[in-house]
Amino acid sequence: MMRPSSLSGRLILSSLLVSIVLLAATGLLLASLFTAALERNFDQRLRSVLDGLLANIDVTADGAPRLSSAIVDPRFGLPLSGWYWQVVPVDKARGVTDLASGSLLEQRLTVPPEFAGREGAQAFYLKDTMGVTLRAIAQVFRLPGSSRAYSVLVAGNYDELSGEVRSFNRALIASLVLLALGLALGVFVQVRFGLKPLRAMQANLLAIRQGEAEQLKGEYPAEIRPVAEELNLLIQSNAEIVERARTQVGNLAHALKTPLSVLTNEAAGQGSALAAKVAEQTGLMRDQVNLYLDRARRAARAQGLGTVTEVKPVLEGLARTLERINRDKGISVSVDCPDGLKFRGERQDLEEMVGNLLDNACKWAAARAGVSARLAPATAGRNLLAISVEDDGPGLAPDKRDAALRRGERLDETKPGSGLGLAIVRETAAMYNGTLRLEDAALGGLRACLDLPAAA
């Protein structure tokens, strides 16, 4: 079902591909939005600390900066905690002191050159001596009571923020994976439900092929209802064509046989050589007319839809008939066929094919002949019916078997017949896309193997 060549597979794969692309894009967008929101929130926290510093720093009498009240956040007091603040004079003149949080110890943070001296608050990234990534905000101010410019900097541990981002991304990926699985299940159910009418149509068409129905039945969605209606019209048209062909075959046979009978009767009343020649040729014409009309009849039936024949009753009936016909020879005809085996074709054609083969087997059999039928392995999506007819006669050499299947070939003139039986069987089987072949039989004679379409 998931093959790209199937309609279900195409729908499911295309839906999953679109869903995966959209979910991946959504995940990237949400991750970037969350990271940006965290950074803005982090910058606001740093800005709040920066404003608190500016509100609590003044200058002593000797010009040194002083913190009038302590920063409440204890992380600024823990050594190398990753949370720092500092107030450093911009001109770095000798004798000018600076002020920093206890977490910095003796180290000082350096503003990158590209941000130094700019007006307003500047946000950037730094590394402390422990290799911790810092997010920092710095701004240059002139403190009240002092003419010097001081750079006030507040930095926070950005690795903590990165940890939150990674946790969010893991949760986001897990959620998107679950959502993708849910969407896949939903798409699968949707496709199965949406294509259910097509599976119903397929089942109805199979029933028509097997002779269990004559037309597509049931209610179909508006999108495929016209297809069902056209198929019903096609099936009806096919049946009408077959019926017209049968009628025309019968009419033609009747129209030709009457003049031929008149010619034959007229020639029979004359004793001349011409009359004998006319009688001979009209007999040949009658045989040819019967042959080709019969072939046309078989072809019309073979192309019909929905005809199915139960195999076992046909084989048993033919076996009983031929046993009675060959009672004086003591020929026993056995039948081996499971119940329920069906031929996808006309009963008359099956009787003609197997009857010819059984009649041929009984002519050559010493005491036994047999017919068996099995359902062969499917080939190219078709169910095959394998019928074997064999005898315990002298058999036939492999180099003569092809000649025996040709029309009018008689390999032994001592046996009755026209030499048309095997050729007719092969032609009729070919009309059903079947085959006939000759092999050695287990009974010692000849085996005729007939492969025909079977109804599942």
Seminar exercise, completed: Once all protein chains are kept in place, Glu427 shows an accessible area at probe 1.4 Å, nearest 10 Å², of 50 Å²
Problem set entry | Gain on full stretching of the segment that runs from Ala268 to Thr60 - 0.36 nm per residue minus C-alpha separation | 59.6 nm
Exercise. Helix 7-56: angle to the longest alpha-carbon principal axis of the chain, degrees 0 to 90, nearest 10?
Worked result: 0 degrees
Seminar exercise, completed: Glu160 and Ser48 label points (each 7 Å along its Cα→Cβ direction) are spaced in nm at 1.2 nm
Exercise. Which option, (i) -0.62, -0.71, -1.08, -1.16; (ii) -0.38, -0.49, -1.09, -1.26; (iii) -0.35, -0.45, -0.99, -1.14, is the value of log10 I(q)/I(0) by the Debye sum over Cα atoms at q = 0.07, 0.08, 0.12, 0.13 Å⁻¹ that was calculated from these coordinates?
Worked result: (i)
Seminar exercise, completed: Extend 7 Å from the Cα of Tyr125 along its Cα-to-C-beta direction; within region 148-173, residues with backbone N under 20 Å of that point are 154-170
Exercise. Ignoring ligands, DNA and RNA, what accessible area per residue does the chain give at 1.4 Å, in Å²?
Worked result: 56 Å²
Seminar exercise, completed: Expected field for Ser151, accessible surface area in Å² at 1.4 Å probe radius, rounded to 10, holds 20 Å²
Exercise. How many percent of the accessible area of the chain is carbon or sulfur, using a 1.4 Å probe?
Worked result: 58 percent
Problem set entry | Largest-first ordering by accessible area, 1.4 Å probe, given options Lys342, Lys400, Lys196 | Lys196, Lys400, Lys342
Seminar exercise, completed: SASA check, Thr110, accessible area w/ 1.4 Å probe, all protein chains in place, rounded to nearest 10 Å², comes out at 100 Å²
Problem set entry | Solvent exposure, largest accessible area first (probe 1.4 Å, DNA, RNA and ligands not counted), of Val18, Val371 | Val18, Val371
For this session: Please work out how much length the chain gains when fully extended from Cys449 to Ala367, using 0.36 nm per residue of separation minus the C-alpha to C-alpha distance, in nm with one decimal.
Result: 27.5 nm
For this session: Report the one residue of Leu452, Leu322, Val90 whose Cα lies farthest in the direction of the positive end of the charge dipole of the chain (charges on C-beta: Lys and Arg +1, Asp and Glu -1; origin at the Cα centre).
Result: Val90
Problem set entry | In nm, spacing of pseudo-spin labels at Leu198 and Leu78 (7 Å Cα→C-beta vector) | 6.3 nm
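The values are calculated or read from the model by the stated rules, or taken from the named source; none is laboratory data. Keep in mind it's a predicted model, so treat the numbers as computed, not measured. Note that each Cβ is placed from the backbone with ideal geometry, even for glycine, and that neighbours are counted across all protein chains shown. We work out accessible area using only protein heavy atoms, side chains counted, and drop any ligands, DNA or RNA first. Shrake-Rupley method; radii C 1.70, N 1.55, O 1.52, S 1.80 Å.
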